[in-house]
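The next block holds one structure in the form of structure tokens; read it before the comments.
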Amino acid sequence: MCGRFVATRSPQDLVGLFQVTQWDPSDLVAPSWNVAPTDDVWTVLERLDRSTGAVERQLRALRWGLVPSWAKSLGVGAKMINARVETVHEKPAYRRAFTKRRCLLPADGFYEWQALPAGEGATAKPRKQPYFITPEDGQVMALAGLYEFWRDPAVASDDDPAAWRTTCTIITTEATDAAGRIHPRMPLAIAPDHYDEWLDPAHHDNDELLALLTTPAHGDLDARAVNTAVNNVRNNGPHLLDPPLPQG
């Protein structure tokens with residue numbers, strides 16, 4: 001799975017990197033070294049502008065954890081942060097979004113945890129060591145995602161902006177390369193020359209879409225052990241990428 005990641009690039013940088021044509025500066029997402037489920041995250045997507053008939057590439061802040069349109073509660077999203085590539089085009093929660101509502105989640109890298117045996121001593125316990133996995137060349141990762149709209153039944157009017165929530169999920173696959181030595185699953189990414197095809201809302205061929213999904217950085221990944229402070233979602237900051245402290 002992908003349960004935590006790092007996203008620190010500014011919206012101005014992302015607008016240029018992804019050739020975004022529409023971004024509302026009032027949308028705010030702070031740089032984060034510990035993005036967690038239900039956090040707001042930057043996403044890149046394409047939508048048809050009904051007034052002009054043109055498709056616009058947007059940078060939007062969405063809630064991480066997809067909530068299907070038929071869900072009764074927003075809380076469902078906490079359990080739907082990832083969609084498996086093996087079944088994403090078939091599962092009822094994801095299949096319509098896979099056909100019509102695809103997005104990219106820009107990331108610097110992602111975390112995975114490796115279980116370590118207990119040390120010596122009667123009170124020693126097994127522990128999990130976090131690793132930060134990132135492209136060796138330091139380029140942005142465009143994680144493959146889906147998004148969905150959910151109508152909050154607690155809000156009376158459809159015209160109230162609070163009536164609608166837009167949420168997203170990250171597509172994952174079996175892990176390879178550096179990630180595979182740490183955890184059996186990893187997020188998928190879209191190569192820059194495939195951004196247009198992936199985001200195109202008029203592209204509905206499932207086989208062609210699945211063929212666009214690749215491992216991040218084509219498997220050229222670096223994995224390094226980092227500070228266990230990342231284990232707590234309340235912790236944030238660049239110090240989370242520091243080497244782990246010696247075990248006493």
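The values are calculated or read from the model by the stated rules, or taken from the named source; none is laboratory data. Being a predicted model, the structure only gives us computed values, none of them experimental. Here the Cβ positions follow ideal geometry from the backbone for every residue, glycine too, while neighbour counts run over all protein chains shown. For accessibility, only protein heavy atoms count, side chains too; no ligands or nucleic acids. Shrake-Rupley method; radii C 1.70, N 1.55, O 1.52, S 1.80 Å.
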>> Checking the structure you have, find out if any residue of segment 46-57 is touching a residue at least 60 places away in the same chain (Cβ under 8 Å), closer than 28 Å to Val226 by Cα and of a type outside the set (D, E, K, R).
In response: no
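I'm checking my understanding of the structure. Among residues of segment 212-248 that are part of a loop (DSSP other than H, G, I, E, B) and without any contact (Cβ under 8 Å) to a residue 12 or more places away in the chain, which one is surrounded by the most Cβ atoms within 10 Å (Cβ to Cβ)? Before you say what the answer is, go through the steps one by one.
Keep residues of segment 212-248 that are part of a loop (DSSP other than H, G, I, E, B), which gives 212, 215, 220, 226-227, 232-237, 242-248.
Now drop any that are not without any contact (Cβ under 8 Å) to a residue 12 or more places away in the chain, which leaves 232, 234, 246, 248.
Values: Asn232: 11, Arg234: 7, Pro246: 5, Gly248: 4.
My answer is Asn232.
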>> For the structure I just gave you, tell me whether Leu48 is of a type in the set (A, V, I, L, M, F, W, C), within 21 Å of Trp198 (Cα to Cα) and in contact with a Pro (Cβ under 6 Å, 6 or more places away or on another chain).
In response: no
>> Just the residues that are open to solvent by 30 Å² or more (accessible area, probe 1.4 Å) and either among the aromatic types (Phe, Trp, Tyr) or touching a Phe, Trp or Tyr at 6+ places or on another chain (Cβ under 8 Å) (or both), please, taken from segment 47-60.
In response: Arg60
> Which condition number in (1) out of contact with any helix residue (DSSP H, G or I) (no Cβ under 7 Å at 6 or more places or on another chain); (2) surrounded by fewer than 17 Cβ atoms within 10 Å (Cβ to Cβ) is the one that Ile171 fails?
Replying inline: (2)
>> Quick check on my filter: what residues within segment 19-56 are part of a strand (DSSP E or B), of a type outside the set (Phe, Trp, Tyr) and either over 17 Å from the mean Cα position of the chain (by Cα) or over 19 Å from Leu146 (Cα atoms) (or both)?
In response: Gln22, Ser32, Asn34, Arg47, Leu48, Val55, Glu56
> Just one of the numbered conditions (1) touching a Ser or Thr at 6+ places or on another chain (Cβ under 6 Å); (2) in a loop (DSSP other than H, G, I, E, B); (3) not charged (D, E, K, R) is not true of Cys168; which one?
Replying inline: (2)
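I'm trying to understand the selection: among the residues of segment 62-91, which are open to solvent by 80 Å² or more (accessible area, probe 1.4 Å) and part of a loop (DSSP other than H, G, I, E, B)? Show your work before the answer.
Step one: filter segment 62-91 for residues open to solvent by 80 Å² or more (accessible area, probe 1.4 Å), giving 70, 72, 79, 84, 90-91.
Selection gives Trp70, Lys72, Glu90, Lys91.
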> Does Ala36 satisfy the condition of being open to solvent by less than 40 Å² (accessible area, probe 1.4 Å) and in contact with a Lys or Arg (Cβ under 8 Å, 6 or more places away or on another chain)?
Replying inline: yes
